[in-house]
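Peer 1: For reference, the structure I am asking about is given below.
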Amino acid sequence: MKLQSDKNSNSHKELYSRAVEVLTGGVSRNTIFRKPHPIYVASAKGSYVTDINGVERVDFANNMASLIHGHAHPAIVKAVTEQFQKGTAYTMGTEAEILFAELLTSRAPGFEKIRFMNSGTEAVMTMIKTSRAFTGKPMIAKAEGAYHGTYDFAEISQTANPSNWGAIDKPNKVPVVQGTPEGVLNDVVIYPYNDVERTINLLDEYADEIACVLIDPVPHRVGLFPATNEFIEALYKWTRKHNAILAFDEVVTFRVNYSGAQANYTVKPDLTALGKIIGGGFPIGALVGRSDIMKMLDPRETFLRHPHSGTFSANPVSTTAGRVAMEMYDEQAVKDLNALTMIARKQIEESIKLADVPVCISGAGSMFRLHFQEKVPDSYREAYQNKEVKAIISELDDYLFFKENIIMINTMACMFATTLTQKDVDRLSEALLRGLKLMKPKIDKLS
């Protein structure tokens with residue numbers, strides 16, 4: 001079938017009418033869906049995305065935090081183009097995966113051994129299964145509201161709400177997907193993020209059965225605020241006492257510091273799941289951590305406890321792009337990007353003040369999120385957005401996207417890239433000032 005060119009298909013509505021004929025809902029991921037239809041990209045360069053109608057937008061979402069150097073960075077394009085000429089995947093090893101493994105394992109003290117896969121979801125799934133294999137125990141514990149990809153066990157209570165989340169002392173286990181087996185729910189413990197006493201009480205109840213305590217140190221869906229050092233230390237001590245794995249999901253948060261968000265804590269995880277920015281714009285995931293635990297995947301073992309393979313795992317395109325991206329994202333680049341992000345936060349705080357609205361900002365490193373309340377939340381339930389708040393966020397997001405030509409994540413979050421400049425930051429803070437002023441009557445009604 002001959003594909004139509006942009007010239008013959010220059011309407012977003014037109015493209016979507018074709019999409020719904022062949023794609024479920026007209027999309028391949030619900031994240032990009034907008035009513036009445038998605039907006040389609042023609043090209044992107046640096047921090048600017050141009051749609052098929054020629055509208056250019058500045059990108060503060062960076063494909064859900066995965067593009068640390070923006071779009072089509074010349075160094076990454078050059079490296080992967082050279083690799084394309086040599087092939088894209090083989091049933092053999094490559095030096096590309098070794099070079100990248102050497103780079104990543106050098107970035108953090110606990111990164112002793114690494115195994116690549118194809119997504120953050122797969123990295124978290126492998127981390128959970130490896131924890132079970134090492135400990136011989138079936139259960140996991142995870143925070144209420146935290147997103148860890150789409151593995152059945154990892155997604156429980158990701159979307160819990162007041163109608164089903166239960167008592168804070170023992171949160172309900174709420175499935176995301178209809179038809180999730182009861183057995184999955186039975187093997188998950190849900191704990192309240194940053195609540196030491198309640199969390200330890202819940203973990204104690206299943207101490208002999210928990211294989212790993214899974215935690216994102218700055219969870220976007222929970223509210224994009226860091227775990228306290230007290231909380232991480234409590235989890236670390238509990239896992240030492242009960243032969244369990246402290247498992248960090250740094251798929252999003254590895255951007256926070258040169259060694260990830262874990263560099264902010266006095267104790268270190270046993271295993272860490274990585275993804276997003278380490279792919280340099282291509283699909284990737286990785287599990288990294290203690291050698292004795294990672295040995296569960298070692299094919300040289302007489303008794304292999306966790307056989308693991310993947311058709312495109314460690315493919316040379318992703319590992320080459322990732323290596324170049326992470327070489328460029330060195331300690332100085334991390335410092336500079338975090339500094340620019342802090343400037344943005346301060347300017348937006350000033351916009352909030354000028355607009356005179358009850359809005360605040362949370363975040364860490366090169367990422368932040370707006371909350372439509374006076375005080376920065378410190379729990380999922382405090383950060384939870386009811387339908388009135390969600391409606392305001394949706395309207396403000398559309399205003400920024402269509403009127404100001406600014407792309408943010410639809411939770412009112414930003415994930416910065418090194419290609420952003422002070423000029424872009426000024427544009428963002430000024431656009432938010434206009435948007436917040438416009439929305440002020442509705443925002444004020446929330447309180």
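Peer 1: Over segment 74-328, how many percent of alpha carbon pairs lie in each 5 Å bin up to the one with the longest distance?
Peer 2: P(r) over segment 74-328, rounded to whole percents: 1, 6, 14, 18, 19, 16, 11, 8, 4, 2, 1, 0.
Peer 1: Give me the dipole magnitude in Debye, nearest 20, for the chain about the Cα centre, with unit charges on the beta carbon: positive for Lys and Arg, negative for Asp and Glu.
Peer 2: Details: 50 positive and 52 negative charges, 147 e Å.
Using Cβ point charges on Lys, Arg, Asp and Glu, the chain gives about 700 debye.
Peer 1: Continuing with the same structure: Distance from the Cα centre of segment 289-358 to that of segment 176-191, in angstrom?
Peer 2: Segment 289-358 and segment 176-191 have Cα centres spaced 28 Å from each other.
Peer 1: Also: Give the cross-link partners of Lys170 among the lysines, using a straight C-alpha distance below 20 Å as the criterion and excluding same-chain residues fewer than 8 apart.
Peer 2: Partners within reach: Lys142.
Peer 1: Out of Gly280, Gly110, Gly310, any idea which swings most in a Gaussian network model of the chain, alpha carbons joined below 10 Å?
Peer 2: Of Gly280, Gly110, Gly310, the Gaussian network model singles out Gly310 as fluctuating most.
Peer 1: For segment 13-26, take each phi angle, set θ = phi - 60°, evaluate the Karplus expression 6.51 cos²θ - 1.76 cosθ + 1.60, and give the result in whole Hz per residue in order, putting x for glycine and proline.
Peer 2: Per-residue couplings from phi come out as 4, 5, 4, 5, 5, 6, 4, 5, 6, 10, 10, 4, x, x Hz.
Peer 1: With n ≥ 4 as the cut-off for DSSP H runs, can you work out [θ] at 222 nm for the chain, using -39500 (n - 2.57) per run divided by the number of residues, rounded to the nearest 500?
Peer 2: After summing the helix terms and dividing by residue count, I get -11500 deg cm²/dmol.
Peer 1: Sorting Leu271, Leu354 on the 10 Å Cβ count, fewest up front, what's the list? Let's see the in-between values first.
Peer 2: On the way: Leu271 25, Leu354 12.
Placing the least packed residue first, the sequence is Leu354, Leu271.
Peer 1: How large is ³J(HN,Hα), in whole Hz, for each residue of segment 255-266 in order, when computed from phi with the Karplus curve 6.51 cos²θ - 1.76 cosθ + 1.60 and θ = phi - 60°, using x for Gly and Pro?
Peer 2: 6, 4, 9, 4, 9, x, 5, 4, 5, 7, 10, 7
Peer 1: Given R₀ = 30 Å, what would the calculated FRET efficiency be for Cys360 paired with Gln178, taking r from the Cβ atoms and rounding to 0.05?
Peer 2: 0.30
Peer 1: Tell me, what ³J(HN,Hα) does each residue in segment 242-248 have, in order and in whole Hz, if you take phi through Karplus 6.51 cos²θ - 1.76 cosθ + 1.60 with θ = phi - 60° and put x for Gly and Pro?
Peer 2: Listing the rounded values in order: 10, 6, 10, 9, 8, 10, 8 Hz.
Peer 1: Now for a different question. What is the Cα centroid distance between segment 201-265 and segment 89-143, reported in whole angstrom?
Peer 2: 17 Å
Peer 1: Here is a further query. Over all alpha-carbon pairs of segment 131-250, lay out the pair-distance distribution in 10 Å bins, whole %, shortest bin first.
Peer 2: Distribution as computed: 14, 50, 33, 3 percent.
Peer 1: For the chain, take N as its residue count and report Rg(C-alpha) divided by 2.2 N^0.38 Å.
Peer 2: Dividing the Cα radius of gyration by 2.2 N^0.38 Å gives 0.99.
Peer 1: To continue, here is another question. Over the C-alpha atoms of segment 371-447, what are the Rg and the largest Cα-to-Cα span, Dmax, in Å?
Peer 2: Spelled out, the Cα radius of gyration and Dmax of segment 371-447 are 13.2, 38 Å.
Peer 1: Just want the answer: with Cβ charges of +1 for Lys and Arg and -1 for Asp and Glu, which residue in Asn194, Val176, Met294 is farthest toward the dipole's positive end in segment 74-328?
Peer 2: Met294
Peer 1: With the cut-off at 19 Å, tell me which of the pairs Lys353/Lys437; Lys403/Lys445; Lys390/Lys445; Lys241/Lys268; Lys346/Lys423; Lys13/Lys276 have Cα atoms farther apart than that.
Peer 2: Lys403/Lys445; Lys13/Lys276
Peer 1: Students often check this: by mean Cβ neighbours within 10 Å, which of 81-92, 292-303, 118-129, 188-199 ranks highest, and how do the rest follow?
Peer 2: The densest-packed peptide leads the list: 118-129, 188-199, 292-303, 81-92.
None of the figures in this text is laboratory data; all of them are computed from the coordinates on show. Values in this document were obtained by computation on a predicted structure and should not be read as measured data. As a convention, Cβ positions derive from the backbone with ideal geometry for all residues, glycine included, and neighbour counts pool all protein chains shown.
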